[in-house]
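Asker: Dumping the structure here so I can ask a few things about it.
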Amino acid sequence: MWWGVAAALLANVLYSAGFVLQKRALGSMPAVSVREPVRLLLRVLGSPLWTAGALALAAGFGAQLVVYRTLPIAAAQGIFVSGLVLLLVLSARLLGERIPGRERLAVGAILIALVMVVLSLSPDTDTVGAGAPVPVILLVCVPSLAAGVWWYAAAERRARRQHRKPATGVEYGVALGLLYGVSSLAVKGVSVESAGLLDRPAAALFAVLGSPYPYLLLFTGAFGLVMSQAALQRCRVSLIVPVCTTVTSVFTAVLGTFAFGEALPGDPVRLALRVTGTLLAVLVLLAMPKHDPPEPPESRDPTDPTPPKTSAKEFTAHERR
């Protein structure tokens, strides 16, 4: 079990570093759009900094496979959410992003929810799921993928409206969180199906290819890559990634526990901690602000004939019109 904890902490470091590197690379690029996926991919693949971030995320994916082989789904999600602290530190230090007080309180509440979930775990009674019925996986994943894509498209339509307040990224984070939640379940499934890879490599490979998990990973990987880059360029990584992580963790912990047959705690206190922690994370997510506060106008001499400078946000809005 301790190998799983170490792998989860390593995945946190890799994921946080990967997102921050990609955000920094996107900040120096022209605007990217999901409507032009080929141009978006060519643009980001030409950036060494973005490629370094992508490699870090891929390494985090490898660490996640180890996690799901050794830890129950709910325990793994509790540790993954703790990576938000490192992400906020990196975004403030390396990206110069300011985190409003209300959002700091929200992240603090999410960490309290994390502690409650972790305290609900018991190494003596918690077991790692051995598999999930294919119809159950499809019933959980297909509607979630459709909802994620629809939610993202709706956020895109709202963002293009004139005179709309600048969005914080909560809507994008929820949409991506649904996609990555499905991806997380697919990673869990691959880790289960490939358990005998070293002893029976051919049989394990056929088991993986005969399951829906690699195809769910391909879908979420392709759509998630394009959608996340456009969202990261427009919104603060210090908000969009915590929202995405929260949705992913709650989705995976609740539906993954059900799909893979991992029993809930039998002890009433542990059960109350897990349920309350999950509900607290969801309520905090719903209460987070949907728009950034307006920036204070710069002071300038009223007699100065020079026209005021147009900010990057105003220029982007003008271009969309």
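The values are calculated or read from the model by the stated rules, or taken from the named source; none is laboratory data. The model shown is predicted, which means the values in this text are computed figures rather than measured ones. We place every Cβ from the backbone using ideal geometry, glycine too, and count neighbours over all the protein chains shown.
Asker: Every residue in the stretch 231-264 that is among the small types (Gly, Ala, Ser) and over 17 Å from residue 18 (Cβ atoms), please.
Answerer: Scanning the stretch 231-264 gives 249, 253, 256, 259, 261, 263.
Asker: Which residues, taken from the stretch 80-96, are crowded, with 22+ Cβ neighbours inside 10 Å and among the β-branched types (Val, Ile, Thr)?
Answerer: Answer for the stretch 80-96, where residues must be crowded, with 22+ Cβ neighbours inside 10 Å and among the β-branched types (Val, Ile, Thr): just 81.
Asker: Being aromatic (Phe, Trp, Tyr) and more than 15 Å from residue 13 (Cα to Cα) is the filter here, so list the residues in the stretch 67-103 that pass it.
Answerer: 68
Asker: Could you please find all residues in the stretch 51-104 being of a type in the set (Asp, Glu) and modelled with pLDDT under 75?
Answerer: 103
Asker: Here is a follow-up. Looking at the stretch 31-47 only, could you name the residues that are hydrophobic (A, V, I, L, M, F, W, C), in contact (Cβ under 8 Å) with a residue 24 or more places away in the chain and either assigned to a helix (DSSP H, G or I) or in contact with a His (Cβ under 6 Å, 6 or more places away or on another chain) (or both)?
Answerer: The answer is 40, 41, 44.
Asker: Is there any pair linking a residue in the stretch 265-281 that is under 13 Å from residue 250 (Cβ atoms) and free of Cβ contacts under 8 Å to residues at least 60 places away in the same chain to one that is crowded, with 18+ Cβ neighbours inside 10 Å and of a type in the set (A, V, I, L, M, F, W, C), with Cβ under 9 Å and at least six apart or on different chains, and which?
Answerer: 279/113
Asker: Taking the options 78, 62, 96, name whichever one is assigned to a loop (DSSP other than H, G, I, E, B) and of a type in the set (Gly, Ala, Ser).
Answerer: Within the list 78, 62, 96, the selection yields 96.
Asker: A further question on this structure: Restricting attention to the stretch 173-184, does a residue exist that is assigned to a helix (DSSP H, G or I), modelled with pLDDT of 90 or more and touching a Pro at 6+ places or on another chain (Cβ under 9 Å)?
Answerer: The answer is no; no qualifying residue exists.
Asker: Right, something else. Yes or no: residue 192 under 22 Å from residue 116 (Cβ atoms) and either part of a helix (DSSP H, G or I) or free of Cβ contacts under 8 Å to residues at least 24 places away in the same chain (or both)?
Answerer: So residue 192 fails the test.
Asker: Return a yes/no flag: does the stretch 94-104 have any residue that is closer than 20 Å to residue 173 by Cα, in contact with a Leu (Cβ under 8 Å, 6 or more places away or on another chain) and either of a type in the set (Gly, Ala, Ser) or in contact (Cβ under 8 Å) with a residue 12 or more places away in the chain (or both).
Answerer: Within the stretch 94-104 (the criterion being closer than 20 Å to residue 173 by Cα, in contact with a Leu (Cβ under 8 Å, 6 or more places away or on another chain) and either of a type in the set (Gly, Ala, Ser) or in contact (Cβ under 8 Å) with a residue 12 or more places away in the chain (or both)), the answer is yes, since at least one residue qualifies.
Asker: (1) in contact with a Phe, Trp or Tyr (Cβ under 8 Å, 6 or more places away or on another chain); (2) crowded, with 19+ Cβ neighbours inside 10 Å; (3) among the β-branched types (Val, Ile, Thr): which one isn't true of residue 66, the others all being true?
Answerer: The number of the failed condition is (2).
Asker: OK, next. For the stretch 211-231, what are the residues that are among the aromatic types (Phe, Trp, Tyr) and modelled with pLDDT under 90? Break it down stepwise before answering.
Answerer: Applying the first criterion (among the aromatic types (Phe, Trp, Tyr)) to the stretch 211-231 yields 213, 215, 219, 223.
Passing the criteria: only 223.
Asker: Among the residues that make up the stretch 201-210, is at least one of them in a helix (DSSP H, G or I), of a type in the set (A, V, I, L, M), modelled with pLDDT of 80 or more and under 22 Å from residue 150 (Cβ atoms)?
Answerer: No: zero hits.
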